[in-house]
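In what follows, a structure is listed as structure tokens, so that the remarks can point back to it.
The values are calculated or read from the model by the stated rules, or taken from the named source; none is laboratory data. Nothing here was measured: the structure is a model prediction, and the numbers come from that model. Reconstructed Cβ throughout: ideal geometry from the backbone, glycine too, with neighbour counts over all protein chains shown. Surface accessibility is based on the protein's heavy atoms, side chains included, excluding ligands, DNA and RNA. Shrake-Rupley method; radii C 1.70, N 1.55, O 1.52, S 1.80 Å.
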Amino acid sequence: MSRYLAPLIMIVIMFPIFIIGLSRDPSEVPSPLLNKQAPKFELPSLKDPARMVGSADYAGQMTLINVWATWCVGCRQEHDYLLKLASEMDIPIYGLNWRDHRGDALAWLRDLGDPYVASAFDEDGRIGIDWGVYGAPETFLISSNGIVLYKHISPLSEAVWVRKFLPIIRAMKEDIE
């Protein structure tokens, strides 16, 4: 009897864990950076390696940081929406080109359009590690005082923007006014 009881107890314990796991949105991975100061960084610009791009460039303004790469299928999926956001919203988008080849990334932006105010070139991925990047694409919403307000993993879309980002942005603007 006891040899059947142990597996039954394990099933009873594991069942709620499986149910919770199946009901979670895979794009919502908790980030240790949420509600904390965004990591400071400075990297060469993708377009001009002699110029540096980093956290000082967007200090004092609400900003999106979008982690992208040319090898990333999801980055291609979200690219048109990023172009639309860049033309319609008053929130600057900074790119973090992550673990990519400079020539490929430059061709991507030339051919598909460039939604970014600037893109930092993180060739070896070290800044991505500081930001807790799991993969591309990832998009961070940063407050005007440098706090990470939200992290989205997977392609950004209008539905995600309206459901996740806009409520946070509106709340932040209400706090300022």
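Laid out as a table, the results:
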item: Total residues in region 152-164, condition out of contact with any Gly (no Cβ under 8 Å at 6 or more places or on another chain) and touching a residue at least 40 places away in the same chain (Cβ under 8 Å); result: 6
item: Verdict on G135 being at pLDDT below 95, closer than 21 Å to K164 by Cβ and surrounded by fewer than 22 Cβ atoms within 10 Å (Cβ to Cβ); result: yes
item: Test: residue in region 66-84 that is farther than 20 Å from V133 by Cβ, of a type outside the set (K, R) and either at pLDDT below 60 or under 21 Å from the mean Cα position of the chain (by Cα) (or both); result: yes
item: Meets criteria (open to solvent by 50 Å² or more (accessible area, probe 1.4 Å) and of a type outside the set (A, V, I, L, M)) for D122; result: no
item: Among (1) assigned to a helix (DSSP H, G or I); (2) of a type outside the set (D, E); (3) open to solvent by less than 10 Å² (accessible area, probe 1.4 Å); (4) within 25 Å of Q37 (Cα to Cα), the one test that L141 misses; result: (1)
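Conditions tested, residue by residue: (1) exposed (fewer than 14 other Cβ atoms within 10 Å of the Cβ); (2) in contact (Cβ under 8 Å) with a residue 40 or more places away in the chain.
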residue	(1), (2)
E88	yes, no
P92	no, no
Y116	no, yes
W131	no, yes
Y150	no, yes
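Residue-wise test of (1) in a strand (DSSP E or B); (2) on the phi < 0 side of the Ramachandran plot; (3) charged (D, E, K, R).
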position	(1), (2), (3)
P39	no, yes, no
D57	no, yes, yes
Q61	no, yes, no
L64	yes, yes, no
C75	no, yes, no
H79	no, yes, no
